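Peer 1: Quick one: the structure is below, and I'll ask about it shortly.
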Amino acid sequence: CDFSTMPPTRRRCYEFLKMTSRSFAAVIQALEGDLRDAVCIFYLVLRALDTVEDDMTIPIDVKVPMLKAFYTHLRESDWRFMESNEKDKMVLEEFPVIATEFQALAPIYQTVISDICQQMGEGMTIYLDQSPDSMDDWNEYCHYVAGLVGIGLSRLFSASAMEDTVVGEDTRLANSMGLFLQKTNIIRDFLEDVLQEREFWPKEAWGKYGKKMLELSRPEKRGDAVACLNELITNALHHIPDVLTYMSRLRNQSIFNFCAIPQVMAVATLERCYNNPAVFAGVVKIRKGEAVKMMMEATTMDSVKAIFSHFTTHIKERIPPNDPSVVTTRAIVDRTLTLT
Ligand SMILES: O=C(O)CO[C@@H](C(=O)O)[C@@H](OCCCCCc1ccc2ccccc2c1)C(=O)NCCCCCc1ccc2ccccc2c1
Ligand SMILES: [Mg+2]
Ligand SMILES: [Mg+2]
């Protein structure tokens, strides 16, 4: 995009995008037409909302009304929040810049972004003082923080007429796009989150092995921890059929790349984490070279299927015969291999 002719507030928004997201900045900037600005602002608005959610120094009686009312600040010109201690606090301190660019978007884009922001803020308040208990709670939390992003993005794609209306209407598939990414993040970030006393793993999974999620990080619990890890990875793998169906409907190349790259990074991350005790000792990241190679390749449905098949096969080869989830893991892996 040509930054020299851009209004200063829009240029500042792209600076925020690059500063707050290594993984999404490049694929968002590669989007075509008026979708690029709409998705950039959509990202910054939700990153600002998530920065409030994540900031544990904001008292809960301040945070709840703030999350519920957040969408109303999109239509103000002077709202900002200066008391955040989060890494991305700049998007809250300079929120008027984001609100100005939000108000310059086409009305249909504003409606989608405001609607998703309102639903996400409301949903986040449910889980501020409680962790997901059941697997259904886990799906609900991930729906609020990521499923809604997929649903909103899909509505933006259809509204831009760059994709068919079915993309924006099929909320189940759009929701799965978000759940696959968010569940992968939650699985990967076990140690980082639990050390900040944030329990995003569902208690239905870890409660079999201890009273607190943190117990899974104890060396003597390594076997139980890996069994729990494999159970959650198996659960996340169940979103793959919906992810593949969703992507097979896309027709615009820049939108396909934008959607495919985070998904192939996620399946590669799940494969690296599967049956891997290193998850409990630090953050398991895929190697930069491997990531770049996949980003270059993930541009057609056939190559995306080949990447999913590659990593699913690697998981299948490593299923421990006595793992508690072995039957379910084998079933979803075999089903995925028939689809790819
Ligand atoms: O604080 C952090 O650094 C990580 O925060 C995580 C957390 O707090 O759980 C967590 O925060 C979630 C709440 C804010 C979501 C912000 C977001 C992310 C990506 C976007 C991409 C395009 C447009 C808008 C977007 C909005 C987080 O960032 N998780 C990463 C996965 C989120 C996936 C969102 C998503 C969903 C469906 C998609 C479909 C297609 C392409 C990209 C997609 C991206
Ligand atoms: Mg966050
Ligand atoms: Mg968060």
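The values are calculated or read from the model by the stated rules, or taken from the named source; none is laboratory data. Given the structure is predicted, the values throughout are model-derived calculations rather than measurements. Please note: Cβ atoms are built from the backbone with ideal geometry, for glycine as well, and neighbour counts cover all protein chains shown. The protein model used for the area step is the full one, side chains on, heavy atoms only, and it has no ligands, DNA or RNA in it. Shrake-Rupley method; radii C 1.70, N 1.55, O 1.52, S 1.80 Å.
Peer 1: When the chain is treated as a GNM, springs tying every alpha-carbon pair under 10 Å, which of VAL304, VAL64, VAL292 comes out with the largest mean-square fluctuation?
Peer 2: Of VAL304, VAL64, VAL292, the most mobile in the Gaussian network model is VAL292.
Peer 1: Shifting gears a bit: Here are some pairs, LYS183/LYS285; LYS63/LYS221; LYS183/LYS203; LYS285/LYS305; LYS89/LYS288; LYS183/LYS316; which of them have Cα atoms lying more than 24 Å apart in this structure?
Peer 2: Details: LYS183/LYS285 15 Å; LYS63/LYS221 35 Å; LYS183/LYS203 14 Å; LYS285/LYS305 22 Å; LYS89/LYS288 27 Å; LYS183/LYS316 20 Å.
LYS63/LYS221; LYS89/LYS288, as the Cα separations exceed 24 Å there.
Peer 1: With θ taken as phi - 60° and the coefficients 6.51, -1.76 and 1.60, list the Karplus ³J(HN,Hα) couplings across segment 271-280 in order, rounded to whole Hz; mark glycine and proline as x.
Peer 2: Computed from phi, the couplings for segment 271-280 are 5, 5, 7, 4, 6, 10, x, 4, 4, 8 Hz.
Peer 1: Now for a different question. Tell me the angle of helix 35-54 to the major Cα principal axis of the chain, expressed in degrees between 0 and 90 and rounded to the nearest ten.
Peer 2: Computed tilt is about 70 degrees.
Peer 1: Here is a follow-up. Where in the chain lies the longest segment free of GluC sites (Glu not before Pro) that are both loop residues by DSSP (not H, G, I, E, B) and have at most 11 other Cβ atoms within 10 Å? Could you put the intermediate results ahead of the total?
Peer 2: Working: sites that count: GLU83, GLU197.
Value returned for the longest uninterrupted segment is 198-340.
Peer 1: With a probe of 1.4 Å, find how much accessible area the chain has per residue, and write the answer as a whole number in Å².
Peer 2: Working: 14640 Å² over 340 residues.
Value for the chain: 43 Å² per residue.
Peer 1: Toward the positive end of the charge dipole of segment 125-188, about the Cα centre and with charges on Cβ (Lys, Arg +1; Asp, Glu -1), which of PHE157, CYS142, LEU128 goes farthest?
Peer 2: The listed residue farthest towards the positive side: PHE157.
Peer 1: Here is a follow-up. Cut-off 10 angstrom, C-alpha nodes, Gaussian network model of the chain. Which of ALA146, ALA161, ALA236 fluctuates the most?
Peer 2: So, out of ALA146, ALA161, ALA236, the one fluctuating most is ALA161.
Peer 1: Quick check: Cα centre of segment 182-218 to Cα centre of segment 53-118, how many Å?
Peer 2: Comparing the Cα centres of segment 182-218 and segment 53-118, I get a distance of 29 Å.
Peer 1: Would you please classify the overall shape of segment 24-163 from the alpha carbon gyration tensor, given that a ≥ b ≥ c denote the square roots of the eigenvalues, rounded means a/c under 1.5, and beyond that prolate means a/b larger than b/c while oblate covers the rest?
Peer 2: Oblate.
Peer 1: Taking the Cα centre of segment 1-119 as the origin and placing charges on Cβ (Lys, Arg +1; Asp, Glu -1), which of LEU92, TRP79, SER4 is farthest toward the positive end of the dipole?
Peer 2: With unit charges placed on the Cβ atoms, the residue in question is SER4.
Peer 1: Give the shape of the chain as rounded, prolate or oblate, defined through the alpha-carbon gyration tensor: a ≥ b ≥ c are the square roots of its eigenvalues, a/c under 1.5 means rounded, and otherwise the shape is prolate if a/b is larger than b/c and oblate if not. Let's see the in-between values first.
Peer 2: Working: a/c = 1.94, a/b = 1.30, b/c = 1.50.
Because a/c hits 1.5 or more and a/b fails to exceed b/c, the chain counts as oblate.
Peer 1: In a GNM of the chain with a 10 Å cut-off on Cα contacts, which of VAL62, VAL166, VAL326 has the highest mean-square fluctuation?
Peer 2: VAL62
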